[in-house]
Amino acid sequence: MAMAGSGVLPAEVDVAVVGAGFSGLYMLYRLRGLGLRAVVFDEAGDVGGTWYWNRYPGARCDVPTTDYAYSFDAQLEEDWVWSEKYAAQPEILAYLQHVADRYDLRRDIRFGTRITAAVWDEAARRWRLRTGDGDEVSCRYYIMASGCLSLPKAPDIDGVDRYRGEVYLTGRWPHGGVDFSRKNVAVVGTGSSGIQCIPLIAGEAARLTVFQRTPNFSVPARNGPPPPDRVALLATDRAGYRQAARWSRGGVPRELTDVSGVTAPEYVRRERFEDAWQAGELFAILGVFSDQGVNAVSNSRVAEMIREKIRAVVSDADVADALSPTDYPFGTKRPCLDTSYFETFNLPHVRLVDLRRTPIVAVTEAGIDTAEESFEFDAIVFATGFDAMTGPLVSVAVTGTDGVTLEDKWQHGPVTYLGLMTTGFPNFFTITGPQSPSVLSNMVVSIEQHVDWIADCLQRLRAENLDRIEPTPLAEAGWVQHNQDCADITLYPRANSWYMGANVPGKPRVFLPYIGGVDAYRRACDEVAENGFMGFRLDGPAGSRCNDGVIRRLQPDMAMVLDLVASLGLPPIEAMSAPDARAFSEATAASRPPGPEVGEIADGVLPGPAGDLAYRLYRPPTRGPHPLIAYFHGGGWVLGSQDSDDPLCRDLCVRTGSVVVSVNYRHAPEDRFPAAADDAFAAVAWIAANAAALGGIPGQLTVAGWSAGGNVAAITCQLARDAGGPDIASQLLLAPVTDCDLGRPSYASNGEGFILTAGLMRWFWDHYADEADRANPKASPLRGTLDGLPPAVVVTAEFDPLRDEGDAYAGALAAAGVPVRHIRARGHTHTSLTMVDVVISGAPVRAEIAEALDSLRPEPARS
Ligand code: N01
């Protein structure tokens with residue numbers, strides 16, 4: 001057989017690797033270091049991977065070369081000097097060839113060899129691989145280092161085979177280059193490949209026609225010498241710089257901003273944008289504002305400033321318009337770095353055809369027919385992209401345990417643990433696989449992290465006399481969920497991008513990479529390994545073991561908030577006096593986002609049993625009358641006011657279309673049990689009696705509250721039932737205090753580290769009620785009689801110490817025959833749902849709450 005490696009292909013090796021690009025080369029280097037027998041296969045004629053195939057004019061990296069290089073060998077770094085900030089393809093290929101030579105890697109690489117099939121042999125605990133030449137090799141471990149963007153998408157246009165002129169695919173460019181001079185050329189596609197090659201082809205061709213289906217955001221690369229500041233940093237502290245990259249969000253050290261694109265003044269927004277524009281770096285333009293990836297308003301501000309730049313460059317206003325993306329948020333399709341891309345469209349021999357206005361009908365023998373015109377060309381360049389991330393993996397017929405193929409298993413989208421392995425395919429690893437940061441990061445940093453993790457794993461298995469590793473279904477399902485949670489809080493799923501699989505007809509629409517960040521991802525992988533390879537089943541001669549579990553269960557934005565809170569090292573509230581605790585909670589509330597706009601906000605007072613009670617009324621922007629919600633704030637009967645849950649009340653008002661009346665009540669320790677409950681009951685009676693005057697629909701009153709407010713809301717419903725009024729249509733209890741027993745399991749599992757602690761709850765109870773009073777249903781509504789209560793929406797949060805008592809209340813209500821919608825907020829904490837526009841993952845839960853409340857209303861009142 002044809003081999004670039006030396007000797008005959010061995011029948012058995014320890015490890016087989018597919019791909020000889022950045023991943024495969026470093027993997028081979030590490031495997032050799034472990035003394036494992038390894039063989040690498042690559043279809044290409046030499047090393048390089050992406051940089052072997054993508055030889056089109058203008059092909060360059062889009063992460064600066066100071067960062068886009070291996071870091072495993074400081075001497076290699078010292079010895080290799082990049083000529084440019086963004087090196088061109090020949091230089092990157094030369095670098096990888098140099099690496100192959102330097103470590104004598106080629107002798108274990110079979111070039112021109114494609115692996116077509118891989119079958120797991122459970123009896124032998126080995127993979128059996130078949131090459132395109134029909135050879136077979138068996139290996140203990142099988143590693144796909146096949147890249148994320150290595151399988152070009154076939155141009156899905158009618159008649160492509162009919163065309164008689166020259167056809168080029170950017171991802172499979174001829175080695176000798178192409179001479180476009182004096183030719184009439186078409187380029188189809190305006191992704192990164194199109195945007196890089198279009199200016200160069202325009203510089204050579206007699207005529208160039210660009211067929212654009214979706215305009216792309218692009219930023220001038222400002223290529224030149226490698227950035228001197230970073231070169232200097234590397235010279236003084238290379239190790240520190242690389243370590244910072246490994247623990248950065250995207251694999252390039254960068255200071256993250258906390259400037260919001262929503263609240264920052266315009267001059268600050270422009271200044272920050274202009275700096276990023278001048279920097280000519282993807283991570284700079286993707287990080288102008290802290291919230292541009294998750295907030296549509298913030299994002300639209302960056303997008304509009306880029307469109308202004310396009311309009312300033314492109315002289316024909318219609319062409320500028322067509323080149324300006326408007327129908328997806330900035331960054332949600334991979335933005336590009338360019339050199340004179342938009343300027344190219346000012347050249348007289350370059351024409352843009354906007355396929356949105358005149359779609360391609362077919363490729364003909366002579367050129368391309370659109371709905372309006374027939375074009376003839378000497379050459380067509382397809383820059384039409386790739387079957388990204390999953391394509392290269394499922395293009396090999398990989399068959400795991402029980403005869404299931406990877407393609408079958410992933411028919412609805414990739415299912416992995418850490419983007420490294422997948423259940424049912426033991427000893428099979430993917431480097432930068434789907435559900436790992438990969439394409440959203442500096443690839444080289446992510447590649448090194450994966451290779452190191454896999455190498456360390458194989459070393460541990462050998463040391464422990466184990467030889468089989470496979471993720472558990474539980475761990476895998478948890479990781480898939482976590483990936484989706486991370487993507488769901490961003491704007492990314494809104495775009496038809498290759499990140500979503502949307503560029504390949506028939507491919508499932510699933511967000512493919514992990515968007516939680518290189519740093520967070522590395523932490524998760526490290527924790528898994530440190531916890532006895534949590535979520536993996538390990539087997540071998542030494543026996544079998546499994547520390548099963550889910551590595552990330554918190555909602556990712558809530559986890560970030562908790563990390564931030566922990567980093568501040570704040571004193572515990574329970575160590576403060578009540579006045580200090582109130583001042584502290586008011587100060588922290590002052591810096592939060594305000595919540596949505598409502599129609600009207602008005603303050604007032606209503607009569608309470610021991611004097612006036614202040615309230616704040618929120619009216620929807622729509623015409624009334626509206627349903628009414630009497631709302632009671634949280635704060636453990638000690639803290640808070642009609643002001644404290646402002647963002648939540650606005651959100652409730654807008655989502656439910658209700659007038660919300662948020663009532664303050666007397667607080668402990670000044671006014672102890674049962675002052676809060678008595679005030680709440682009196683307030684509800686007054687609101688019900690004044691429903692029409694408040695703009696509410698009489699008979700449509702919901703009593704609601706969060707935390708201690710949920711406690712007094714629940715009690716009010718019991719008191720109203722016993723007193724024969726006021727008439728309450730429904731109750732909404734958000735993470736309510738329902739019982740004085742602090743011994744439930746959720747107090748133990750969630751009592752520390754989730755903002756509301758067990759210690760703080762004790763402090764609240766101590767301030768509010770004597771021991772003797774706590775079991776009274778007016779303090780612990782769970783101990784009251786529950787039949788005949790209004791229909792309830794009860795919301796409990798997975799990581800709340802109060803979860804179990806909330807669950808118990810929902811269960812007891814249902815058992816008493818009360819209609820209940822119990823919403824379990826997965827991955828959330830006690831405070832999550834109140835953190836409007838901070839914990840974005842709380843929004844769908846609040847939407848569900850609004851829908852649940854609506855479903856409890858009588859038919860005619862439903863929205
Ligand atoms: O591919 P793409 P790419 N008719 O999928 C269009 C990396 N990369 O090779 O958007 C008409 O982005 C398609 O239109 P639409 C980088 O991560 C990096 O350019 O689907 N048009 C789109 O305009 C990048 O994101 C560098 O509506 C059709 C284009 O073709 C990724 O690789 C350089 C069509 C494809 O764009 C992929 O980039 C190059 C059809 N039937 C690539 N089908 C660096 O700078 C597709 N299109 C390092």
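When the helices of the chain are scored as -39500 (n - 2.57) per DSSP H run of n ≥ 4 and the total is divided over every residue, the value at 222 nm lands at -10000 deg cm²/dmol. Inter-label distance, residue 605 to residue 824: 4.6 nm, where each label sits 7 Å from its Cα along the C-beta direction. The string of couplings for segment 67-77 from the Karplus curve (6.51, -1.76, 1.60, θ = phi - 60°) is 10, 8, 7, 4, 10, 6, 9, 4, 5, 4, 5 Hz, one whole number per residue in order, with x for Gly and Pro. Can you list the residues, at least 5 places off or on another chain, whose amide H is less than 5 Å from the amide H of residue 167, using H built in the peptide plane? Residues meeting the criterion, in which the H sits 1.01 Å from N, are 380.
Sorted largest first, the spans of the alpha carbon positions of segment 263-415 along the three principal axes are 62, 46, 24 Å.
Remark on segment 46-186: Rg and Dmax equal 19.2, 63 Å (Cα only). Relative to the longest principal axis of the Cα atoms of the chain, helix 578-590 runs at roughly 40 degrees. As a length-normalised measure over Cα pairs under 8 Å and 6 or more apart, the relative contact order of segment 93-236 settles at 12 percent. What fraction of the Cα pairs in segment 1-126, stated in percent, has a spacing above 19 angstrom? For segment 1-126, the fraction of Cα-Cα distances above 19 Å is 52 percent.
Counting Lys +1, Arg +1, Asp -1, Glu -1, what net charge surrounds residue 519 among other residues with beta carbon under 10 Å of its beta carbon? Local net charge: +4. What does the net charge come to around residue 782 if you take all other residues with beta carbon closer than 10 Å to its beta carbon, with K and R at +1 and D and E at -1? The answer is -2. Ignoring lysines fewer than eight residues from residue 183 along the same chain, the ones with Cα atoms less than 26 angstrom from its Cα are 153. Extents of segment 475-592, largest first, come to 58, 48, 19 Å (Cα atoms, principal axes, whole angstrom).
Against the longest principal axis of the chain, how steep is helix 556-568, in degrees 0 to 90 to the nearest 10, with axes from Cα atoms? Between the helix axis and the principal axis of the chain, the angle is about 70 degrees. For segment 691-697, putting each phi into the Karplus relation 6.51 cos²θ - 1.76 cosθ + 1.60 with θ = phi - 60° gives couplings of 3, 5, 5, 7, x, x, 8 Hz, in residue order, rounded to whole numbers and with x for Gly and Pro.
Residues with beta-carbon under 14 Å from that of residue 694, excluding residue 694: net charge, scoring Lys, Arg +1 and Asp, Glu -1?
That works out to 0.
Expressed in units of 2.2 N^0.38 Å, where N is the residue count, the Cα radius of gyration of segment 268-317 is 1.15. Annotation for residue 37 and residue 742: the two label points, set 7 Å from Cα along the Cα-Cβ direction, are 6.4 nm apart.
Which value in Å is the Kirkwood Rh of segment 784-863 over different Cα pairs?
13.5 Å
Relative to the longest principal axis of the Cα atoms of the chain, helix 646-656 runs at roughly 80 degrees. Normalising the average separation of contacting C-alpha pairs (under 8 angstrom, six or more residues apart) by the number of residues puts the relative contact order of the chain at 10 percent. Give a residue-ordered list of calculated ³J(HN,Hα) values for segment 14-19 (Karplus: 6.51 cos²θ - 1.76 cosθ + 1.60, θ = phi - 60°; whole Hz; x for Gly, Pro). Couplings: 6, 9, 10, 10, 10, x Hz. Take every pair of alpha-carbon atoms less than 8 Å apart whose residues are at least six positions apart; their mean separation over the length of segment 793-832 yields a relative contact order of 59 percent.
Dimensions of segment 732-818 based on its C-alpha atoms, expressed as ranges along the principal axes with the largest first, amount to 36, 30, 19 Å. For residue 599, the residues whose amide H sits under 5 Å from its own are 619, ignoring neighbours fewer than 5 places away on the same chain, with H placed 1.01 Å from N.
Inverting the mean 1/r over all pairs of different Cα atoms, compute the Kirkwood radius of the chain and quote it in Å. So the Kirkwood estimate lands at 30.2 Å.
The modelled label-to-label distance between residue 122 and residue 365, using points 7 Å beyond Cα along the C-beta direction, is 5.8 nm. Summarising the amide proton neighbourhood of residue 605: residues at separation of 5 or more, or on other chains, whose placed amide H is nearer than 5 Å comprise 615.
Read the figures in this text as sums done on the coordinates, not as results from a lab. Note that the coordinates shown come from a computational prediction; the quantities given were computed from them, not determined experimentally. Neighbour counts are summed over all protein chains in view; Cβ atoms, including those assigned to glycine, are modelled from backbone coordinates with ideal geometry.
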